[in-house]
Amino acid sequence: MTVRSLRALVCTLLLAASALAHAAMSGMPAPVAIAPGVYAFIGDSDAVAPANHGIVANNGFIVGQDGVTVVDTGSSYRYGRAMIEAIRKVTPLPVKLVIITHQAPEFVFGAAAFRDDDVPILAHARAAQLIRERCSICLANLRKTLGEDEMAGSRVTVPDQTVNGTTEIDSGGRKLQLLHFGPASTPGDLAVLDTQTGVLFAGGLVSNGRIPELRNEQISGWLAALENLRGLDLKTVIPGFGAPLHGSDDIMQTGVYLRALEAAVKRAYASGIGLTEAMHTVQVPAFKHDKLYAIAQPQNVQRIWLQLEKQ
């Protein structure tokens, strides 16, 4: 082993030890057993902030006969290391694969911890492209919000395996369907279905009790993707944010919000009021009590408004 590689190993081990100590203090969620062999870490669904250490999104893992598949990795290297240790407490089986459902920052930056353990990382090709092109900006923003200590060791980790559409794989002795319905909440959304239990990790396609933040969406495609998911025989849905949902129908609340938002913005735009006024006045009252409403609603209005101006 060279001096350089030895130093890198020592650095990684120190970061891992720091991550474990930090996780014990920071309220790292315990894995929740959703179905036989399927576990989820449930974030607090709020905006990323120092108080929640960036642990806001949901992610999880699936234990097969000879290995583990991880779905999404949280917002930091430390969270990724803590995930690895939590998985080891559930099963001695090795992590065989990480699947990234989309490129939102709350889901991707723990991937570096798995890369350091030589675990393959898979995403849709468009998601991988966006991680490569844009996630350095997201990482800088997280460093500003959470601080250098919280984000220590975090780096942009581009998936080394990609798919271009719906694909069935065998990972760790478990059959998984990687579902892609075209551009939706992002250009490269994947939902991960464990065919044995009917549990779906919905990624960016579904939120529960938290309005979605429009970033790289195509609303018509998003609504179509939700309809496709509703047509599946799903037992439990793990949304990107919020508590697990049982069955397929509840996932449509995300679609209800998107339809109401788009219709309200179009009405305001047609009435001739200005963008600033629209951002303050266009509301979707049924969702006012959802998390992130005060922050994301004006931004969502602005995004749709600017799209209308380009038409």
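Things worth noting here:
- Residue satisfying condition, being surrounded by fewer than 24 Cβ atoms within 10 Å (Cβ to Cβ) and within 18 Å of residue 135 (Cβ to Cβ), within set 63, 56: 56
- Per this entry, residue 152 is not counted among residues that are closer than 22 Å to residue 96 by Cβ and in contact (Cβ under 8 Å) with a residue 60 or more places away in the chain.
- Restricted to segment 20-135, the set of helices (runs of 4 or more DSSP H) holding at least 2 residues that are in contact with a strand residue (DSSP E or B) (Cβ under 6 Å, 6 or more places away or on another chain) comprises 111-116.
- Within segment 113-157, the set of residues being closer than 30 Å to residue 65 by Cα and surrounded by fewer than 17 Cβ atoms within 10 Å (Cβ to Cβ) comprises 117, 118, 120, 125.
- Among the residues making up segment 136-163, those that are in a loop (DSSP other than H, G, I, E, B) and under 24 Å from residue 192 (Cα atoms) are 156, 157, 158, 159, 160.
Bear in mind these aren't lab numbers, they're just calculated from the coordinates by the rules spelled out. Keep in mind the model is a prediction, meaning the values are calculated, not measured. Don't worry about glycine lacking a Cβ; one is built from the backbone with ideal geometry, like all the others, and counts go over all protein chains shown.
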